[in-house]
Amino acid sequence: MTPADELLYLLDIEQLEVDLFRGTGGGGETTTRIFGGHVIAQALMAAYRTVPDRLCHSLHAYFIRPGDPNIPVIYQVDRARDGGSFTTRRVVAIQHGKQIFNMSASFHIDESGWEYQHPKPDVGAPTDWPSRDELRATVVDQIPKKYHDDFLRQRPIEIREVAPRDFFTPENADDRNQLWFRMEAAKGQGAQMQHCLLAYASDMNLLGSSLRPHGLTWFQGKVMSASLDHAMWFHTPIDFSDWHLYDLDAPWTGGARGFNRGAIYSHSGELVASVAQEGLMRPLKKR
C-alpha cells in the first residue's frame, strides 16, 4: 500500500453505531504521535457521514491532548442542527476515555451570490522548486542515523516549498512563505473526501510560519511546538490531485504562542480555502 493509499484508508473511518465512528490512530504523516491534520480530517469525515447532501463551509477545532498513534480514535458526532440552508455538527475525538480533540463544523447548501477574491501570488511553478524528498536527502547525514528511516519515509502529500530554508542553521526570514502541494491519488475521489484531504494537508508547515522571523526550525531542538486550535473555511469544491498553492503568514508571536494564517489557491488561481491556527512555540532550555 502506498502512503497515499494508506491515507485514503485512514479517512475511510468505521461506523460503530449511530453517530459513533472509529478511526485508525497510526500512519500518515508521523509515527510518534497523531498528526494534527490526521485527526481534523477524520473528524470531518465523521461529520460528513451524518451530512450526505451538502458540503462543509467552515470548521473550528481545538487540540486538547496529544493523540496516541498506537490505538484507535473514537469520534462521537452531535447533530446540533439540521436547517434548511445550514447544518451544524459537533465532533468529539476520544482516546483512553478522554477528549483529545473537539470540532464544530457547519455545512451549507449550494447557493449563488457575489464573487470576489484576492489574487494568487506569483511564485513560479511547482516544478521550479525541489520536492520534500529531495531536500531531506541532502541533509539526512546531519541527523542521528537511528532517525534516518523515518526522516526519509515517503509521505502521502507531495510538497514543494518555495525558496526553502536551511533545516538546521536558518537565517531570520519574513513570516510570509509559500508551498505547493497535492496528492495525485485524490483523482476521482468525491467532493467530501477532497475536503478531508485538504483539511489533512492544511496542518502542514502552518505553524512553521511563526518560527521564521526568529530563525527557528523544528530540527534545532530549541522550541517545543504543538497546534492549539485550527479553523478552516472551504470556499469551493476542489480537486486535490492537482497542484495547489498554500500562501502562509504569521502576523504575531508572543506569550509562547504564534498565530498563523493560510490561503489555499488552485493551480488556476481560484481561492479554494482559508486557514488560521494558533500554536505553542515554547522556548526549550538546555539542561
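Considering Cα pairs under 8 angstrom that are at least six residues apart, work out the relative contact order of the chain and quote it in whole percent.
Contact order relative to length: 18 percent.
Among the lysines of the chain, pairs that are 8 or more positions apart or on different chains and have alpha carbons within less than 26 Å of each other number 9. Note on I71: accessible area approximately 50 square angstrom, rounded to 10, probe 1.4 Å, nucleic acids and ligands left out. Remark: relative contact order (region 47-196) = 19 percent; criterion is Cα-Cα distance under 8 angstrom and separation of 6 or more residues. The slack in the chain from H267 to R22, taken as 0.36 nm per residue of separation less the alpha-carbon distance, amounts to 84.8 nm. Using a 7 Å offset from Cα along Cα-Cβ at K98, what residues in region 34-60 end up with backbone N under 16 Å from the label point? Residues passing the 16 Å test: 34. Compute the helix-to-body angle for 36-48: its Cα long axis versus the longest principal axis of the chain, expressed 0 to 90° and rounded to tens. Around 10 degrees separate the two axes. Between 0 and 90 degrees, the angle of helix 191-201 with respect to the longest Cα principal axis of the chain falls at about 30 degrees. Length available on full extension from D149 to D239: 0.36 nm per residue minus the Cα-Cα distance, which gives 29.3 nm. Taking 7 Å steps out from each Cα toward its Cβ at Q15 and H108 produces label points 2.7 nm apart.
Please report, as a whole percent, how much of the solvent-accessible surface of region 184-287 comes from carbon and sulfur atoms (probe radius 1.4 Å). Provide the component values of the computation, followed by the final result.
Details: 2260 of 4360 Å².
It is 52 percent, rounded to a whole number.
Using the beta-carbon distance between Q117 and A191 and R0 = 22 Å, what value does 1/(1 + (r/R0)^6) give for FRET efficiency, to the nearest 0.05? The value I calculate is 0.65.
Protein heavy-atom accessible surface, 1.4 Å probe, per residue over region 41-149: 60 Å².
The values are calculated or read from the model by the stated rules, or taken from the named source; none is laboratory data. Just so it is clear, the model here is predicted, and its values are computed rather than measured. Don't worry about glycine lacking a Cβ; one is built from the backbone with ideal geometry, like all the others, and counts go over all protein chains shown. Keep in mind that these areas ignore ligands, DNA and RNA; they rest on the heavy atoms of the full protein, side chains included. Shrake-Rupley method; radii C 1.70, N 1.55, O 1.52, S 1.80 Å.
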